Structures are given as structure tokens and as C-alpha cells.
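A short worksheet on the structure shown next.
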Amino acid sequence: MKKTLLLSLFTLTTLAGHADEGMWMLTDLKEQNAATMYDMGLDISIDKVYCPDSISLKDAVVHFGGGCTGEIISAEGLVLTNHHCGYS
């Protein structure tokens, strides 16, 4: 019984631990992740996600107080973030 339980636990944790290359770095999107992102449903060009020389989605991410981040999602400046960041 213990062997079956341990084997089941090991199998479940092994299957759940699959990583897909870790964090996707913005500077490497074209070389490493463009095809995967398009396969997953990306509808815009990679240059609209990250382009160091022009305005792209990277410019919509904000950082404020205590390590919180957010995204500007409207022309009026509406910021989407976690609830605890708004209380800080």
C-alpha cells in the first residue's frame, strides 16, 4: 500500500513539474519563442510585443512601490494589477 501511494505521489509530482524553458526573456522573443507564441494564438507581430527602438507592449508595463507591477490597459491610464498593490 505504501509503495503504491509513494509511486502515485512521485508520478503526479513528476508530471506536474514540466517546465517550458522557464521565463521568456523579451530580448530573445524573436529567436526563441516567436513560433511557440504564434502556435499558442498570438495575433500581433513580435515587434508589437517587444521592440527596443519603438513603442511596444513593453512600454505598457509599470512598476510602482514595494515591487508591484501593473499594465496600463486604456488611453485614460487605467492600470490593471493585483489587489494588494492597490492598497499599498
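Where a number appears in this text, it was derived from the coordinates with a stated rule and is not lab data. In this text, all values refer to a predicted model and were calculated from it rather than measured experimentally. A quick note on method: Cβ atoms are made from the backbone with ideal geometry, for glycine too, and the neighbour counts reach across all protein chains shown.
General remarks:
- A helix-only calculation puts the chain at -9000 deg cm²/dmol for mean residue ellipticity at 222 nm, using -39500 (n - 2.57) for each DSSP H run of at least four residues, averaged over all residues.
- If R0 is 22 Å, the Cβ-Cβ spacing of residue 78 and residue 25 corresponds to a FRET efficiency of close to 0.20.
- Whether the chain is rounded, prolate or oblate, judged on the alpha carbon gyration tensor where a/c under 1.5 counts as rounded: oblate
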